Structure formats: structure tokens, C-alpha cells
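See structure below.
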Amino acid sequence: MSPSAVPHTLDCAIWASLPVPAFLVDGNNNIADVNSAGEGFINSSRKSLIGTPIWHKVAIETAIEAAFDKARIQGTPLFVNDVDVGSRERAPLQCAVQIAPLQGHEGHMLLMLSPRELAGRMTQNHSAKSAAQSAIGMAEMLAHEIKNPLAGITGAAQLLSMNLSPDDLELTDLIVSESRRIVKLLEQVEQFGNLSEPDFRPVNLHDVLDRARRSALLGFGAHMKIVEKYDPSLPLAWGDPDQLLQVILNLLKNAAQAAGKNAGTITIRTFYEHSFRLRRSDGQGKLLPLQIEIIDDGPGLPDHIRDDIFEPFVSGRENGTGLGLALVSKIIADHNGWISVRSEPGNTVFRLSLSRVPRDRK
């Protein structure tokens, strides 16, 4: 079936305006047409998708092919809720899947996807931000009172060490080192709480990424290989370049530390996906089309912290403070963006979704 299956101008406009990814599938389960949201979801052009097998491009977690064919034979719609849908070009998103026969065109089916993960992740971002603010607010109130006695404890331990035998010095050294570690943690907490609001301006994300990459290779990531996979046509983002640099540095450092002393590979990928939309509390949608992925081949996140990795004081490393990813989450939430993670051994992907420069600021 040719793209002219939707012949009227009004029908074409409706098809192009559908806010969810939609695919027209012919009797041989090949893609006969795709709307613009579908192009964005698959991250491929309409021209390259038409004529290709639908199940080669759309991977649905539940085995749906048999049910799809049955719905075609019976001429009835099919609804499947809360399944992971992805492709070779993108990570899976939890979606509601809707299938229906195309009236007047025997054998042809409509396949529509309603991504749901974005709303859930945004709720998670908001919860993480609220939890961070509560935890940091309480910690800030206690920090001053804790730091003062710690200074006294450290001083007393150093005085005691002057008159102790070498065997007993180990105990005072432990008191001093642990007191300093706590002070350092409190200083990080105070820095977290004092983070200013973003100074929004047009930002070239590739400039930010290049600065972060160079800094990483000269320091904490010197033992890593960093690969760039950039979309050169990516438009300018709307954000605070210094805060976004801090986000990328934290994610790169997290990936480098996950590899330990073993050399590994970090991949920085950018691409444009215009189907990403955040629905705000007032019912309006906010596009988040600019995508950054930080991918590492380390051991992956521990199962017991995977769902809470953006919460304050949650860390998968021994002696980790658990503030790095909480800070990342707070900054991205302040940018009205989205952050997610998927992880398995050998493939951990942190993904940032940001907005482009508003039309009235160009």
C-alpha cells in the first residue's frame, strides 16, 4: 500500500498531527506509513521505514505478533497496557499499545503507541528533588552544630597523639581521619543546599560535553576510553552551561569509578527525539527533544539501589557519599528536564532529556 492510502488533505493533516507514534501496517506486516511522532520514536525517517517489516523496527516486550494477526483476521481492535516497547535505535519505554483495523482497507492495521514512562520518571524526578530538599534542609541545620564539636574532637585527638606509644597512635589517627571525612561530607551537603537557580541561556551541548570529556581524560577518567557519537544537527539547548557541565562531569566520574582500576569505555551519545514530551500539572505539554546518553561498560548498578539511585545518600560504592547523582537529579529537575537510567552488567545508560531554546528567546 502506498502512502496515498490516506488521500484527503484533512486526513493527512490528522495523521501528521497525532501526538503519539502511529504506524500503518499492510497485510504482510510491513510499514505502509508512519506519522512524525513515529519517526521520532524509532529515530528513523519515514522514507527509510516504509516497506520494512514492522517487527524489525518495533520491539514489544510481550509476544504480540500472533495477537496482532488474530486482530486482523477478526477485524477487531486490540489494547495492551504497560509493556516495554523499543527498537534497535532506542531504549525501551513503557507504553500502552493500541491496534485497530483500518476501515475500508482490508488487511491493513493501525498500530499506535502511548509512552507512559516519561510521566512516571518525571514523578520520580519530582520525588527525588523533594526528598533531596528535605534531606539537605535538615542536614544544613545540623551541619554547623556537628562541625564545631568535630573540630574539638580532632584537636583533642591530635594533642593526645603527642604522648602515646606507636601502638596507640593508630586509634588517634583513626579519630582524626574519620572526623575529617565527616567534615568533608558536611561541606558537600552545604554545597548541595547552596546550589543557585539555573542561569538560563542558549547552550551548545556539544561544547559542554567536550569540556567535560577533556577534563575527565586529564583526571579521574585518564584510564578510560571515551567515544563520541554526536548528532551534528542538534539545536541549542536552554539551560545553565556551568550546571550542565557539572551534571556531565558527575555522570562521567560515576562511570569511571564504576570501572574501578580496569580500563573501560564510556560512550557519549547525542540525538534529537521530538516525541519526548513532559505533561505539566496545568495539562500543557513541554517538549524535551534534546537527548544525551552517558553509556559505560562497567558492572552495572546493584539491584538493591537501582530504583533509588537518585535519592540523597544512596550509593553503590563503599565510602560513597550518595550525593553525586542526587545533585545531578536536582539540577536536571531545576532545568525542567528528565533523567533516567537503565542498567545491566556491561551496559549502564544514563539519559538526559532537555528542552531547546524557546522561540521567543531566539
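The values are calculated or read from the model by the stated rules, or taken from the named source; none is laboratory data. Quick caveat, the model's predicted, so the values are computed rather than measured. Glycine also receives a Cβ, built like all others from the backbone with ideal geometry; neighbour counts cover every protein chain displayed. The area values use the complete protein model at the heavy-atom level, side chains included, leaving out ligands, DNA and RNA. Shrake-Rupley method; radii C 1.70, N 1.55, O 1.52, S 1.80 Å.
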* **Residue, modelled with the highest pLDDT, within region 1-24, restricted to residues that are open to solvent by less than 40 Å² (accessible area, probe 1.4 Å) and assigned to a loop (DSSP other than H, G, I, E, B)** => 21
* Which one is nearest to the chain's Cα centre (by Cα), of the residues in region 52-77 that are modelled with pLDDT of 85 or more and open to solvent by 60 Å² or more (accessible area, probe 1.4 Å)? -> 56
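Looking only at region 28-51, count how many residues are surrounded by 14 or more Cβ atoms within 10 Å (Cβ to Cβ) and over 24 Å from the mean Cα position of the chain (by Cα). Working first, answer last.
The first filter runs over region 28-51 and keeps only residues surrounded by 14 or more Cβ atoms within 10 Å (Cβ to Cβ), leaving 29-44, 46, 49-50.
Still in the list and also over 24 Å from the mean Cα position of the chain (by Cα): 29-35, 46, 49-50.
Within region 28-51, residues that are surrounded by 14 or more Cβ atoms within 10 Å (Cβ to Cβ) and over 24 Å from the mean Cα position of the chain (by Cα) number 10.
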* Within the set of pairs 6 or more residues apart or between chains, which connect a residue that is closer than 26 Å to residue 115 by Cβ inside region 1-21 to a residue that is at pLDDT 55 or above and of a type in the set (Val, Ile, Thr) with Cβ atoms less than 9 Å apart? -> 3/50; 6/14; 21/34; 21/42; 21/58; 21/85
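Tell me, which helices (runs of 4 or more DSSP H) lie completely within region 25-85 with 2 or more residues that are over 18 Å from residue 272 (Cα atoms) and out of contact with any strand residue (DSSP E or B) (no Cβ under 6 Å at 6 or more places or on another chain)? Write out each step before concluding.
On the way: elements: 36-42, 46-49, 54-57, 65-74.
Of the helices (runs of 4 or more DSSP H) lying wholly inside region 25-85, those with at least 2 residues that are over 18 Å from residue 272 (Cα atoms) and out of contact with any strand residue (DSSP E or B) (no Cβ under 6 Å at 6 or more places or on another chain) span 54-57, 65-74.
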* Asked: Is there any pair linking a residue in region 210-235 that is closer than 18 Å to residue 263 by Cβ to one that is part of a loop (DSSP other than H, G, I, E, B) and open to solvent by 70 Å² or more (accessible area, probe 1.4 Å), with Cβ under 6 Å and at least six apart or on different chains, and which?
  -> 223/263
* Structure fact -> When (1) at pLDDT 80 or above; (2) open to solvent by less than 30 Å² (accessible area, probe 1.4 Å) are applied to residue 139, the one that fails is (1)
